[in-house]
Amino acid sequence: MTAIIFPQTTTYSYQQAHKSALKVNWRVEDILNGDRRIDFTKRFMPETLARVNDIPFLSSYEKLKLNQIRGNSYLHIFSLVEECIVPTVIDHIHHLGSSDWVAVQALLHFAEEEGKHIRLFRGFAEEFECGFGSRCETIGPVQEIADLVLQHHPLSVILMILYVEWMTQRHYLESVRDNYLETLDVQFCSLLRHHWLEEAQHTALDTLMVEKVAADLDAAGIAAGVEDFFRLIEFLNQGLMTQVQLDIESLTHATGHAYTEAERQTIQAVQERAYRWTFIGSGLVHSHFVKTFSKISPTNCDRLMAIARAHSYAANWGSTADGENGE
Ligand SMILES: [Fe+2]
Ligand SMILES: [Fe+2]
């Protein structure tokens, strides 16, 4: 196989990412088991992602419940992605072998942090289940979905991880950190903040992994990986659309409101667009993801943008993000 010449112009380094990661040092127990608890009188999600206000016939109470259902599924879906990240990073460590111990140490720390995030999100889900008042189903089983994702091309999987990790930062920086207009639940915001604090290092490491995987492929291998990335987005989209159906059932149980068929269709239409933007569109257009993708597959950039546009929520389309960690 002849490897193509891949321009490695990134300024990221394993050493710097690991050094920055060590400065962030929170424990799950400090966040979940302190005095602070979820306040179920508050919304969890910013409206730019939840889009409950765009469903005109819902009462304030119903909007609150749907927003909280969205908060629960939001963390569930991120924890699902994290279940894919840990084995991907471990595989990459195997791939590197003993060629770069600085990289190995940084990547091991990365995997450990994602394990911590999974515990954090599961802890939240347990508290949510106890306090919400009715059961909310989420897509799964998580391990089966993760296994299906991991059957995809390695370049495809790591590209998905890269855009999702940039996306989490964008959500926090643009919609949560300085959101003074909405009084979101303090505990939920704290959880997103702590997660975000570790994401900047992750995106640096993801970028380095993408570059390494791409550098070891020939042109046909990269084309196959990128093609599979587009298939993986469609797979993710199918899961999101299933989650919308589960959310509508959860809302019905939580409120005791028997929605008419027309009302269900309206909720479904609004929420499908909201989910597509939250988990796909807002990540694919992130400027740092586009930059990395365009180096790997410049001829597919227009296609990437077309897919992003198809997963947009009209009011959000066109905005990109440069968000980096920097507290
Ligand atoms: Fe994470
Ligand atoms: Fe992460």
- Query: Which of the peptides 188-194, 263-269, 19-25 is most tightly packed, and how do the rest follow, judged by the mean count of other Cβ atoms within 10 Å per residue?
  - Reply: 188-194, 263-269, 19-25
- Query: With the dipole of the chain worked out from charges on the C-beta (+1 for Lys and Arg, -1 for Asp and Glu) around the Cα centre, which of Tyr180, Leu246, Ala125 lies farthest toward the positive end?
  - Reply: Tyr180
- Report, in degrees rounded to the nearest 10, the 0 to 90 angle that the Cα long axis of helix 219-255 makes with the longest principal axis of the chain. 10
- For segment 25-67, listing trypsin sites (Lys or Arg not before Pro) in a DSSP loop whose Cβ sees at most 15 other Cβ atoms within 10 Å gives Arg27, Arg36, Arg37
- Message: Run through segment 81-184 and list the trypsin sites (Lys or Arg not before Pro) located in a DSSP loop whose Cβ has at most 12 other Cβ atoms within 10 Å.
- Response: Arg135
- Message: I need the chymotrypsin sites (Phe, Trp or Tyr not before Pro) found in segment 76-184, filtered to DSSP loop residues with at most 14 other beta carbons within 10 Å of theirs.
- Response: Tyr180
- How far is helix 301-310 tilted off the main Cα axis of the chain, in degrees rounded to 10, range 0 to 90? 10
- Order these peptides, 229-235, 66-72, by their mean beta-carbon neighbour count within 10 angstrom, highest first. 66-72, 229-235
- Residue-normalised 222 nm signal for the chain, counting each DSSP H run of n ≥ 4 as -39,500 (n - 2.57), nearest 500 deg cm²/dmol, is -22500 deg cm²/dmol
- For helix 60-96, report the angle its Cα long axis makes with the longest principal axis of the Cα atoms of the chain; keep it between 0 and 90° and round to the nearest 10°. 20
- Task: Count the lysine pairs in segment 14-316 whose Cα atoms lie under 30 Å apart, taking only pairs 8 or more positions apart in sequence or on different chains.
- Result: 15
- Task: Arrange Leu108, Leu205 by Cβ neighbour counts within 10 Å, fewest through most, would you?
- Result: Leu108, Leu205
- Report the charge-dipole magnitude of segment 14-316 in Debye, nearest 20, computed about the Cα centre from +1 at each Lys and Arg Cβ and -1 at each Asp and Glu Cβ. 660
- Task: Give the span of segment 14-316's Cα atoms along each principal axis, as three whole-Å numbers ordered largest to smallest.
- Result: 59, 43, 35
- For the chain, what relative contact order do you get, as a whole percent, if you take Cα pairs closer than 8 Å and at least 6 residues apart? 29
- Item | Farthest toward positive dipole pole in segment 14-316 [+1 Lys/Arg, -1 Asp/Glu at C-beta], among Ala50, Gly71, Leu32 | Ala50
- Bounding extents of segment 43-131 in its principal axis frame from Cα atoms, largest first in Å, are 60, 27, 15
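Bear in mind that the values in this text are calculations on the coordinates, not laboratory data. Keep in mind that this is a model prediction, so the values were computed, not measured. Because the Cβ atoms are built from the backbone with ideal geometry, glycine has one as well, and the counts that use them run over all protein chains shown.
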